[in-house]
Structures are given as C-alpha cells and as structure tokens.
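Only the coordinates and a few stated rules stand behind these numbers; no lab work does. Keep in mind it's a predicted model, so treat the numbers as computed, not measured. With ideal geometry, Cβ positions are generated from the backbone for all residues, glycine too; neighbour counts draw on all protein chains shown.
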Amino acid sequence: MLGDYLIIGRRASEIAASVEAGVGSGALQPGALLPPMRELAGVLGVNPNTVAAAYRTLRDRGVIETDGRRGSRVRARPASAPRDELRMPFPEGVRDIASGNPDVRLLPALDGALAGAARRYAAEPTLYGQDPVVPELARLARAAFDAEGVPAGAVAVTSGALDGIERVLAAHLRPGDAVAVEDPGWGSVLDLVPALGLRVLPVAVDDEGPLPGSVERALAEGARALLVTARAQNPTGALVSAERAAELRSVLSGHPEVLVIDDDHGHGLVDLPLHSLGGVTRHWVLIRSTAKAYAPDLRLALLTGDAVTLDRVRGRQRLGPGWVSRLLQYTVVELWNAGAVDRTAVARSYGARREGLIAELAERGVPARGRSGMNVWVPVADETAVVTRLLGAGWAVSAGSRFRVESAPGVRMTVSRLSLPDLPALADAVAAAVRPTGGGRFG
C-alpha cells in the first residue's frame, strides 16, 4: 500500500505532518492508497478519531483525496495545481465534451468592441491615480444589479470570478477558517479554498441549489463564509429558485456574521431570474463574470456588496495589480451598449441541447441533471469505468472527482460542442457505459 514508508505520530498534527513529509520527499507517490483509519490507528496505538482528524487535515490542505469506501489517496497534484490540469489526454478523433468551454458560435465578435475600446482609450489614456472602475461600466453594472433586485452597493472589477472570490475570502478570513462550499461544485473553488489555508465544509446540492439543512450544519460546524452559485451551477446545472433562496435567507438570518458570496457566472447564459442572497448578513458580495457569455479571454468580473467588503477588496487590489485594464472595461461597455449577447437566444440554444440530452438519457433509463447552463451531470457507480468506456466509444467526459468532496460519484458532460443530431448516439454510449446502473443519490 505504502511500500517501505512508515507513517508515524501520536497526535493528529504529527500524523498529518508525517504523511506530508512522505509526499514532499517523493516517498509517497501520487495516487498512493493510505491505510484505513482503524488499521493505521492500531499500528500507531492511537484512537481512530485521531487518525480521522489527521486525514481530515490532509484533505482540507489538498494533500489527499477521499472516495468513500475506496479509501484515501495522495492527490495527483498539490492543491495549488488546478484540477482542470488533471485531465486524461484525449486520443485523436475523440469528441471533447469534458473541457467546459462555451459554444464559440454563441460568443459575440470582439473586433468592433475592441476598436471602440481603443477609440475611448485614445480620447482619454489611462494614467495612474484614476478611478479603478470605468464610471460608465459601474453605472451599467449597477443598473443591471438594481433591475434584478440585488441590494445597493458599490462596484468593483476583478480579473474574473475566481479572482473576485479569492479577494473577497482574503478580505475577511484567515488560515484555518472554514468555508461552506457546494458539493459537487466548481473544482477551481475546491482547489482555491485549501490553497488559501482555509478548510472546505461541503454543502449538498440539488436542482434548486444548496440544501438548507446542509448549509445549517456547515454553519453550525463553524463555517465563516458560504459560496453559492446563483445560476448554471458547475457541474450540476442547479439554479437557486425563489423558494430555495427564501429558505437559505432564513437560515442565514441566524448567522449575521457569515460572509456570503453569490457567484453569478451564468449571467448571459440563463434567462431565468436571479435570486440573490445578498443583504441578509453583514458582509456579502455578488460576482458577475463576463467569461462564459462574452469570451473566456475577457478576464473581467463585476462585484457589488457591502461597503466594508468592497473597500477591503479595492484597497488590497491597489497594492497589487492596481486595477483591471481599462481597455477590457471599455470593451465590456461597448458589448453591453451594443446588446452583443441575446440572452434569451443563448439560453434557448444551450437549453435545447441540455434538455434534449437529459430526455434521451431518460428514455434509456439513465437519470441526469441539468436545470440551467451548459452542463449535464450524470450520477454513476464508478467514475473511472464510465469515463474509460466512454473514451473507448469516442466521447471524452469529465470525471466527477474534479468537482466532489463527499458527494456521490458522477460524470459531467458539456453540451456546447454538441448538436441536436449528436444526442441519441451520445445517450446510447452513456447508457452502455453506466450499465449496470448504480447511480447513487444526487448531491
């Protein structure tokens, strides 16, 4: 199991340090299976709870990953390495529905917007000391927030949603603090939290967003922040409904000091209403990215939130990058003023493919989820087997381990590279790959 390497220690911290030392020296290779907790406790002569605490610490730090009865293994890469880099290489001729990219045919042309941004820059070159947010962009963003019922607040700009999440967490939390995160959820967030020295507390998700009881448990366990994906949740497609938002707001009302982060990266992909959780607690932020609807390379996200949080984010930003390029900000202004993205048409296009695939799978007895956005989540009994079988059938899908902490196994399929005629063949391949079905519960 571990070769000649011996794990030592009497306290949880010592056991965790021993495993980390083995990983750091190369004695414990990526993928190495750790001993079951009771077995290691017997060898070390300690209580199994001590080993459980050590393993929990290692998981929170991103050193190991756990997979229920399959046990705990050394992670293939450290927590600072994105899960997206852990993909299998795709043989030539395999259809890629794993990467999570948007449909490039639905992205607007940027040449006119970039030319307009250049003209704006020529008229008023950006210099040190100017407002970090282009005033017109702030007005447009705030008007959109107001129209969707987001509480009043200033506007900040970051280099994408993940940059915004990192800056907001860093503004309030310290190493060792716990963060309630959706499970399954965005793999980059599951990497980011331990990379910041924070602990992940998984929160179960269904089609309407985080389960209130699971959120309540995470808060009772000491979570100081809650991350919620408002729409087009990755990987499940969940969308926070009005009813679920009301339930979550009720839960949060009993925890006024918890930092709440609404991730609205799905704006522009979804034509269903936003139900923000902002304003219930003392500190909150809503983050709206332009990447999925306008261009992944348009590294820009708009933030609004309480005054203290926005002031801390902007203040720390001034000490680092200073500001997000005004050329990018001008480009977004041009795109928004031109109405470059028809939100309804985009949502309809993704919806036809997503719902079509779910329907085809249902006809074959395969349950699947995907209420909004560009992804479909299929619960499976064995991720590795399903991914391998589908690869052999000519389809590259994403293993759910990239998105999970404690939730049941699954695979994610992105519909952006699919056409409607592709769906029956894909559904046939998925049905063949998952039989005999064992699915497990969603979330």
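Values computed for the structure shown
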quantity	calculated
Inter-centroid distance (Cα atoms) of region 105-174 relative to region 345-359, Å	29 Å
Residue with peak Gaussian network fluctuation, the chain [Cα springs, cutoff 10 Å], from 338, 408, 54	338
Peptide ranges 327-337, 8-18 listed from the most packed, as the mean C-beta count within 10 angstrom indicates	327-337, 8-18
Dipole magnitude (debye, nearest 20) for region 312-417, charges at Cβ of Lys, Arg, Asp, Glu	580 debye
Proxy reagent accessibility, fewest Cβ within 10 Å first, across 56, 69	69, 56
Residue-averaged 222 nm ellipticity for the chain, from DSSP H runs of 4+ at -39500 (n - 2.57), nearest 500	-12000 deg cm²/dmol
Dipole in debye (nearest 20) - the chain, about Cα centre, beta carbon charges: Lys, Arg +1; Asp, Glu -1	540 debye
Total formal charge among the other residues, if their Cβ is under 10 angstrom from that of residue 435, Lys/Arg +1 and Asp/Glu -1	+2
Cα-based helix-to-principal-axis angle, 326-338 vs the chain, degrees rounded to 10	70 degrees
Max mean-square fluctuation residue, GNM over the chain, Cα-Cα springs under 10 Å, options 96, 263, 183	96
Of 374, 413, 37, the one that fluctuates the most in a GNM where the chain has Cα springs shorter than 10 Å	37
Which of 312, 404 has the fewest Cβ neighbours within 10 Å, and the rest in rising order	312, 404
For region 111-338, alpha-carbon Rg relative to the globular expectation (2.2 N^0.38 Å, N residues)	0.99
Inter-part distance where region 28-72 and region 268-299 are each reduced to a Cα centre, Å	37 Å
Using alpha-carbon coordinates, inclination of helix 242-253 to the longest axis of the chain, degrees	70 degrees
Cβ-based exposure ranking for 55, 350, 128, in which fewest neighbours within 10 Å come first	128, 55, 350
Lys/Arg +1, Asp/Glu -1 at C-beta; the chain dipole; positive extreme among 149, 268, 390	390
Extended-chain gain in nm, criterion 0.36 nm per residue less alpha-carbon gap, residue 148 and residue 73	22.6 nm
Inter-label distance for residue 96 and residue 246, nm, one decimal - labels placed 7 Å from Cα along Cα-to-Cβ	4.5 nm
Chain lengthening between residue 338 and residue 257 when straightened (0.36 nm per residue, less Cα-Cα)	25.1 nm
